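Report on the following structure.
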Amino acid sequence: APRARPMGTQMDLVAKRRDGSEVMVEIALSPLHDQGLPYVVAAVRGIGAYPRVRQALQRARYSELLTVFGRLAVDTRDPGRLIEQAPRTAVEAMQVPAAMVYLLEADNLRFRVASGLGLLPEQALGAFVANTPDTLPGFVVAKGEPFIIANGAQTDGFTIAPFYVEAGLVNALAVPLSDRGRPIGVLAARSRAEQAFGPGEVQFLESLGSLLATSLQRAHSDEALLHSQRLESVGQLTGGIAHDFNNLLTVISGNLQIVEEAAPVAQDPALRQMIRAATRAAARAADLTGKLLAFSRRQVLQPAAIDVGQLLQSLADMLRRTLDQRILIEVDLAAGCPQCLADRAQLESALLNISINARDAMPEGGRLAFKAWPVRELPHAARANEQSGTSPGYVAIAVTDSGTGMPEAIKERAFEPFFTTKEAGRGTGLGLSSVYGFATQSQGAVSLESQVGQGTTITLFLPSRQAREATDERLVDAASIPHGLRVLLVEDEAEVRAVVENFLMALGCTPTACVTAEQALALLVAAGERAPFDLVLTDIALGPGMRGTELAREAALRWPQMAVLLMSGFSSDLIAPTAWPLLRKPFSQGELAHRIATLLR
C-alpha cells in the first residue's frame, strides 16, 4: 500500500555534506505510481533556510553561547579574561566580522578599547574614544539603551565614523554596560550585511552585556573587600609596631629632657642646641607614631562635644594666614548644625592633613571650602561601620578643593599607609590613612570623591552630640603638686620605668616602682585599709597577667580616696570605658605634672 508520507516525525534529522559539515534536514518519501515501477523517491531537503527554523536555530545558538559565557563568568575571577571573551562570543553567535568592548575611564571623559575582534587601526586595542555624542559609545551611554545603525544612516545627529564607512562596516549594534545604574562602558558589534541586527540580536547582546557588567561588578566588590582586609592587616601590624615604638620614644625623649637640665649641659649652648634638635626629632617621631596608631584605629581617643562651626572658623582663620594667599577659603555651616562627638585634637589634625593635601593639589591657587551639616545616617558605602539600631545621627564635615583631582588608580590607594604621590621627602603617606583610622575609630566614616581636573571632596562623618555647655578646664600649675606625694608606679619596661621615676622625683614626688600589677596589688593589700599611696600611676599593657585597668579597678574598689592615672602608648580597645584619666606615651615631664595636678585638684 504505497503512499506519500513524511519521515522522522517529531525527530531532529541531521545530514552530513560531502565537506563534512552537518545540516538539519527533512525527508519525504513518495512512490512512483504512474510508471508502475517499484521505486520510491526519497526527497532530502535542508531546512536551515526556512525563516522560522533559522530563527529557532539562532535562538538555540545564542542560548548555548550565553550559557558557556555564564559558566566562564562563574568559574573565573579574572575580569580581564571575561572582557576579552565577550567580543569573541558576540562574533561567534551573530556571525559578524567585528565586536568590541569600550570601558569608561575614571574621569568619564573618554572610553578605552578594552578588547575586540576585527578591530580597525583607528580604534585598535588600547585606543581612546571621546565620551561625546558624536562617537558610538558616547551616544549609547547618553541614550542609556541599545542602539542600531542600519547602513550607516544618520540618527539623532549621530554619524558613523568615516573609517568604518571605508571598511564597509556600516551596520552596528551597541548596548550600554552599567554597574548599579552607573554607566561603565559599551559592548558593540559591527557588520557589513544589511539588516544584520534585529530584536533577537538586541536581546542576545543585552544579555551578554549584562553578564559581563555583573561579573565586572563582582570583581570590583571582591577587590574592594580584599583592599579592606589588606588595610585591616596592615593596621594590626602598624598598631603593634607603634605601641613598641612609643615606649622607645618615651625613653629617648625622657632621657633627653633629664640630660638637658643637667648642669654641664646648661652651661654649654652648643650641647643644649644639639639636645633640643634631638628632642624635636623625637617629637616628630612621636607624631608619626600617632598617625600610625590613628590609621590602625588603636590610638586612645578622648571624645568630647565639639562646636563644629567654631572649630571650622578657627581653622579657616589659621589657614588663611599660613596657606598660599591665592587660595580662597570658605566656610559653610548649615543652620542648626549640632555638635559632634570626637577627639578635638585628632579632628583638628585630620582637617589640617586634608587641607595640606588640598593646597598641594592647587599649586596655582584655587578654592578650599569647608562645609558642615547634619545627616541622619552614614552613606551607603560606609554603613558597615554603623552599629545597627544605635545610630545617634551624624555631622558631615566636607573639605572640597578645586585642584587637580585624582585618577581612579590613586583614589583606590589614597587611604593606604605610606602611599604618597608627593616627591621624596615631602610626605610620609600617613595623612589620609590617619584620617581614615580616626573617623572609623570615632564610630564614623570617611568618603572620597574626586575627578581629574575637577577637584576633590573628602567628607568626615562623625557622631553628633546634643548641644551642651562645655566647661573650660582651668589651667593647673604643676607647682600645686604636694611635695612628697606618694606615687605607686607600675611599668613593665625597665627603661621607661626609670624615666618616669626621674620625672616624679624632679616634681618632688616619692615614687615606688613595680614591674607587674600583681606585685603592685600585693603592696597595696599588705598596707591594710589605709591607702599607702596618694596616686597609682600605671601602664595599661603590662605583659602577661593583670592589666593596668584591672589594677585600677581593684584600687578604686578598696581605696576610693586614692587617685588613679593610666598611661599607654597602645590600643584604646584594651581600655574599658572608665572615668580614669589617661596619659599618652610618649609624654614630657610637664605633661605628667599637668595631669597629676589636674587629677589631684
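The values are calculated or read from the model by the stated rules, or taken from the named source; none is laboratory data. Keep in mind it's a predicted model, so treat the numbers as computed, not measured. Every residue, glycine among them, receives a Cβ derived from its backbone with ideal geometry; neighbour counts consider all protein chains shown. Surface accessibility is based on the protein's heavy atoms, side chains included, excluding ligands, DNA and RNA. Shrake-Rupley method; radii C 1.70, N 1.55, O 1.52, S 1.80 Å.
For the reader, a short list of remarks on this structure follows.
- Top-ranked residue in region 1-22 [being at pLDDT below 85 and open to solvent by less than 40 Å² (accessible area, probe 1.4 Å); ranked as nearest to Leu57 (Cα to Cα)]: Leu13
- Taken over region 207-256, residues that are open to solvent by less than 40 Å² (accessible area, probe 1.4 Å), at pLDDT 75 or above and not β-branched (Val, Ile, Thr) amount to 10.
- Residue, modelled with the highest pLDDT, within region 259-313, restricted to residues that are among the acidic types (Asp, Glu) and either crowded, with 21+ Cβ neighbours inside 10 Å or assigned to a helix (DSSP H, G or I) (or both): Glu260
- Within region 95-111, the residues that satisfy the criterion of being surrounded by 22 or more Cβ atoms within 10 Å (Cβ to Cβ) and more than 28 Å from the chain's Cα centre (by Cα) are Val96, Ala98, Ala99, Met100.
- Number of residues in region 525-547 that are under 16 Å from Thr512 (Cα atoms) and either assigned to a loop (DSSP other than H, G, I, E, B) or not polar (S, T, N, Q) (or both) equals 11.
- Answer from Ser572, Ser568, Ser588 - the residue that is touching a strand residue (DSSP E or B) at 6+ places or on another chain (Cβ under 8 Å), polar (S, T, N, Q) and at pLDDT below 85: Ser568
- Per-region count, region 314-345, residues in contact with a Lys or Arg (Cβ under 6 Å, 6 or more places away or on another chain), closer than 15 Å to Ile397 by Cβ, open to solvent by 30 Å² or more (accessible area, probe 1.4 Å) and at pLDDT 90 or above: 1
- Residue that is least open to solvent (accessible area, probe 1.4 Å) [pool: residues in region 116-146 that are among the hydrophobic types (A, V, I, L, M, F, W, C) and in contact with a helix residue (DSSP H, G or I) (Cβ under 7 Å, 6 or more places away or on another chain)]: Val129
- Residues of region 64-120 classified as among the β-branched types (Val, Ile, Thr) and under 23 Å from Arg192 (Cα atoms), total: 5
- Flag for Thr512 being among the hydroxyl-bearing types (Ser, Thr, Tyr), more than 17 Å from Leu583 (Cβ to Cβ) and either open to solvent by less than 50 Å² (accessible area, probe 1.4 Å) or touching a Leu at 6+ places or on another chain (Cβ under 6 Å) (or both): yes
- Test: Glu166 is of a type outside the set (Ser, Thr, Tyr), in contact with a Phe, Trp or Tyr (Cβ under 6 Å, 6 or more places away or on another chain) and surrounded by fewer than 18 Cβ atoms within 10 Å (Cβ to Cβ): no
- Checking Ala526, Ala552 one by one, the residue that is under 40 Å from the mean Cα position of the chain (by Cα) and among the hydrophobic types (A, V, I, L, M, F, W, C) is Ala552 and no other.
- Qualifying residue in region 535-546 (condition: without any contact (Cβ under 8 Å) to a residue 12 or more places away in the chain and either surrounded by 15 or more Cβ atoms within 10 Å (Cβ to Cβ) or under 19 Å from Leu485 (Cα atoms) (or both)): no
- Given (1) part of a helix (DSSP H, G or I); (2) under 29 Å from Ala262 (Cα atoms), index of the condition Pro511 fails: (1)
- Among residues of region 177-205, those that are in contact with a Leu (Cβ under 8 Å, 6 or more places away or on another chain) and at pLDDT 85 or above, counted: 16
- Just one residue in the set Val487, Val476, Val435 is modelled with pLDDT of 85 or more, open to solvent by less than 50 Å² (accessible area, probe 1.4 Å) and either out of contact with any Gly (no Cβ under 9 Å at 6 or more places or on another chain) or over 28 Å from Gly548 (Cβ atoms) (or both); that residue is Val487.
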